[in-house]
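Written out below as structure tokens is the structure these notes cover.
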Amino acid sequence: MAPKTDQATRNVLLGVTGGIAAYKTPMLVRGLVKAGYTVRVVLTETAKAFVTPLSLATVSKNPVLHRLYNPEDGTWTNHVELGLWADLMLVAPATANTLAKMAQGQADNLLLTTYLSARCPVWVAPAMDLDMWQHPATKDTIERLLEHGVEVIPPASGELASGLSGQGRMPEPEALVAAVEAHFAGQADAPRLDGLKVLLTAGPTQEAIDPVRYIGNRSSGRMGLALADVLARRGAEVTVIKGPSSLKAQHPAVVEVPVTSAAEMHAACAERWPQMDCFISAAAVADYAPLAPADQKIKKEGGSDAGLQLELGRTVDILATLSKARKAGQWVVGFALETNNALENALGKLERKGLDLIVLNTLEDKGAGFGGNTNRVTLISSPEDVRRFDLKSKAAVAEDIADRLAELVATAAPAAGQQAPAEARS
Ligand code: CTP
């Protein structure tokens with residue numbers, strides 16, 4: 001079970017937890033094996049009450065793992081290797097208990113330790129009673145897992161083990177096999193970006209008012225980090241200059257450089273830009289910063305109705321500055337968040353900042369923009385080439401952006417003129 005080094009993506013690690021739907025997992029394993037995947041199964045203790053290790057070992061043609069170590073001979077199950085072996089980890093059915101432990105980073109069984117060691121995409125198929133699924137605690141758990149980059153397959157609706165009817169069923173094994181196949185098919189067909197050196201900004205910036213206060217914004221960094229992961233999976237060498245965000249890129253090859261302010265972000269980008277092939281400006285950079293941040297905490301002064309005036313100055317427009325400084329062959333991609341006259345404003349930015357591509361999202365679209373897990377974008381490379389996409393998860397939007405970038409790199413020349421370097425084209 002050596003860690004993978006090639007592009008083969010055929011290993012599925014199935015985690016089974018103790019929900020009634022566990023009785024369907026031999027069918028799921030059989031479907032995956034039939035579709036050509038190598039399947040290994042990790043069971044929790046409770047899952048063994050619903051499905052036997054022997055059934056799963058027989059259909060997967062592999063030993064089923066359920067213990068951190070063997071108490072008879074003291075041998076340890078190497079969850080790190082197992083996590084690295086997998087190209088996809090699917091936890092199905094995923095109980096409320098296991099989901100909550102995953103969200104908290106608990107590690108008291110083999111499934112959880114393997115999850116923490118996994119570098120591949122992780123999917124969960126929650127299965128529980130409808131009231132458990134609706135509970136605010138479960139909603140918090142799911143939100144947390146999404147923030148950690150876990151893909152959640154929503155439960156199906158129908159009759160539940162409790163006799164109640166509603167949302168909470170694990171999707172049928174055939175549906176899960178189809179989703180796995182679609183995932184790998186998409187990955188196999190995705191245009192590659194091998195060797196493309198990408199500099200990407202993500203997250204908000206914080207502009208100090210004094211040592212304890214700052215001006216910031218609501219950007220989570222999720223869109224930029226999702227893009228970093230997708231580009232890295234396609235072979236790009238990605239460096240993320242990341243403003244304050246609790247999120248992290250999942251792909252181990254993504255290099256993250258943490259910064260706080262727009263000025264720091266600019267310095268970090270300017271230093272690296274000459275060695276890069278592409279700049280993607282996904283950060284929500286503050287446009288204004290306090291001109292003279294105080295050294296000491298600012299104290300209240302005057303009466304209760306006395307206000308405070310802060311003088312703000314413009315920050316550097318990192319995107320415009322790097323675009324202007326670009327060498328032949330360097331690609332520049334910007335983002336635009338608009339509330340009105342979206343297309344007109346985005347086209348203005350494309351031209352003014354000399355971009356090859358602009359990713360427009362508008363706050364008029366429900367589910368788009370800051371904070372959430374979904375986005376709806378329009379990709380614009382010229383007034384004649386405006387492509388509008390459906391509302392999707394930010395991970396799926398990142399695939400669309402990567403597809404368009406790969407298409408541009410393969411077929412066009414960057415705005416500044418000359419041809420992209422040969423190694424940047426695949
Ligand atoms: N950007 C940047 N540096 C700044 C401000 C913005 O690099 N100081 C980048 C963003 O990362 C994004 C694009 O520029 O890619 C957004 O363009 P911008 O003109 O700043 O749009 P808005 O922030 O929406 O501002 P406005 O519409 O007020 O011009």
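The values are calculated or read from the model by the stated rules, or taken from the named source; none is laboratory data. Bear in mind that the values here come from a model prediction, so they are computed numbers and not experimental data. Using ideal geometry, Cβ is built from the backbone for each residue, glycine included, and neighbour counts are taken over all protein chains shown. In case anyone asks, the SASA skips ligands and DNA or RNA and just uses the protein heavy atoms, side chains included. Shrake-Rupley method; radii C 1.70, N 1.55, O 1.52, S 1.80 Å.
Being within 7 Å of the ligand (Cβ to nearest atom) and in a strand (DSSP E or B) is the filter; apply it to the stretch 302-348 and report the residue that is farthest from the chain's Cα centre (by Cα).
Among those residues, the one meeting the criterion is E338.
Does at least one position in the stretch 23-40 carry a residue that is over 27 Å from R234 (Cα atoms) and part of a loop (DSSP other than H, G, I, E, B)?
Within the stretch 23-40, not a single residue is over 27 Å from R234 (Cα atoms) and part of a loop (DSSP other than H, G, I, E, B).
Among the residues of the stretch 235-243, is there at least one that is modelled with pLDDT under 95 and open to solvent by 10 Å² or more (accessible area, probe 1.4 Å)? It would help to see each step written out before you state the result.
From the stretch 235-243, those modelled with pLDDT under 95 are 235; that's our starting set.
Adding the requirement that they be open to solvent by 10 Å² or more (accessible area, probe 1.4 Å) leaves 235.
The answer is yes, given that some residue of the stretch 235-243 is modelled with pLDDT under 95 and open to solvent by 10 Å² or more (accessible area, probe 1.4 Å).
Would you point out which residue out of V259, V254 is in contact (Cβ under 8 Å) with a residue 24 or more places away in the chain and touching a Gly at 6+ places or on another chain (Cβ under 8 Å)?
Details: V254 fails: touching a Gly at 6+ places or on another chain (Cβ under 8 Å).
The unique qualifying residue is V259.
List every residue pair whose Cβ atoms lie under 7 Å apart, where the two residues are 6 or more positions apart in sequence or sit on different chains, the first residue falls within the stretch 302-330 and is under 13 Å from C269 (Cβ atoms), and the second residue, located anywhere, is among the polar types (S, T, N, Q) and modelled with pLDDT of 95 or more.
Correct list of pairs: I318/T201; I318/S281; L319/S281.
Which is among the hydroxyl-bearing types (S, T, Y) and modelled with pLDDT of 95 or more, of S281, S246?
When all the criteria are applied, what remains is S281.
Tell me which residues, restricted to the stretch 349-363, are surrounded by 20 or more Cβ atoms within 10 Å (Cβ to Cβ), aliphatic (A, V, I, L, M) and under 24 Å from the mean Cα position of the chain (by Cα).
Answer for the stretch 349-363, where residues must be surrounded by 20 or more Cβ atoms within 10 Å (Cβ to Cβ), aliphatic (A, V, I, L, M) and under 24 Å from the mean Cα position of the chain (by Cα): L357, I358, V359, L360.
Could you please find all residues in the stretch 244-285 being more than 16 Å from the ligand (Cβ to nearest atom) and more than 16 Å from the chain's Cα centre (by Cα)?
Once the filter is applied, which keeps residues that are more than 16 Å from the ligand (Cβ to nearest atom) and more than 16 Å from the chain's Cα centre (by Cα), the stretch 244-285 yields P258, P274, Q275, D277.
Count, please, the residues in the stretch 273-301 that happen to be over 30 Å from L146 (Cβ atoms) and in a strand (DSSP E or B).
3
Regarding the stretch 253-272, can at least one residue be identified that is modelled with pLDDT under 90, surrounded by fewer than 21 Cβ atoms within 10 Å (Cβ to Cβ), of a type in the set (A, V, I, L, M, F, W, C) and in a loop (DSSP other than H, G, I, E, B)?
So far as the stretch 253-272 goes, yes, one or more of its residues are modelled with pLDDT under 90, surrounded by fewer than 21 Cβ atoms within 10 Å (Cβ to Cβ), of a type in the set (A, V, I, L, M, F, W, C) and in a loop (DSSP other than H, G, I, E, B).
Are any residues in the stretch 149-182 surrounded by fewer than 18 Cβ atoms within 10 Å (Cβ to Cβ) and either assigned to a helix (DSSP H, G or I) or polar (S, T, N, Q) (or both), and if so, which ones?
S157, S162, S165, Q167, E174, A175, A178, A179, E181, A182 - these are the residues of the stretch 149-182 that are surrounded by fewer than 18 Cβ atoms within 10 Å (Cβ to Cβ) and either assigned to a helix (DSSP H, G or I) or polar (S, T, N, Q) (or both).
Give L84, L68, L88 a once-over and let me know the one that is without any contact (Cβ under 8 Å) to a residue 60 or more places away in the chain and on the phi < 0 side of the Ramachandran plot.
Being without any contact (Cβ under 8 Å) to a residue 60 or more places away in the chain and on the phi < 0 side of the Ramachandran plot holds for just one of L84, L68, L88, which is L68.
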